[in-house]
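Encoded as structure tokens, the structure appears first; notes follow it.
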Amino acid sequence: MPVGVAQVRQHPDGSRELASLVVLAEHRGRGVAGRMVDALLAVETGPVFTIIDRPYVQHFSRWDFRPVGDEGLPRSMARQLRVGQIVTSIGSMLTRRRIRLQPLRRPPRQPSD
């Protein structure tokens, strides 16, 4: 039975996004998410983007993701960010916890052997 999900989604403009990273609550804290991200990024040689809540930025430095401004985003990722900001502003009101999205970028890699 799967305990988590993650994907690298390719957008129409060719940009790639680490997305949909979710682990069942009872399996969190066991490194499941990290192993899924490791496996997905091992085969990615181009830049990879992700958009996360700011408190989690440091977690992604492990994979060399760094904050990037709106001007550094491909068109599709800029659109994702705008939609996410609308959705999270509503979610922030409902949960009474401010969600602040931060886009991140991992630079291109050399293919591994």
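The values are calculated or read from the model by the stated rules, or taken from the named source; none is laboratory data. None of these values were measured; they are calculated from a predicted model. With ideal geometry, Cβ positions are generated from the backbone for all residues, glycine too; neighbour counts draw on all protein chains shown. Remember, those area values only see protein heavy atoms, side chains included, never the ligands or the DNA or RNA. Shrake-Rupley method; radii C 1.70, N 1.55, O 1.52, S 1.80 Å.
Summary of values
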read-out: Pick from the range 90-100, criterion over 29 Å from Asp38 (Cβ atoms) and part of a helix (DSSP H, G or I), ranking: least open to solvent (accessible area, probe 1.4 Å); value: Ser92
read-out: Residues being free of Cβ contacts under 8 Å to residues at least 40 places away in the same chain and in a helix (DSSP H, G or I) - total across the range 37-89; value: 24
read-out: Unmet criterion (only one of (1) in contact with a helix residue (DSSP H, G or I) (Cβ under 7 Å, 6 or more places away or on another chain); (2) surrounded by 13 or more Cβ atoms within 10 Å (Cβ to Cβ); (3) not in a helix (DSSP H, G or I)) for Pro12; value: (2)
read-out: Index of the failed condition, Ala39 passing every other in (1) open to solvent by 50 Å² or more (accessible area, probe 1.4 Å); (2) in contact with a Phe, Trp or Tyr (Cβ under 6 Å, 6 or more places away or on another chain); value: (2)
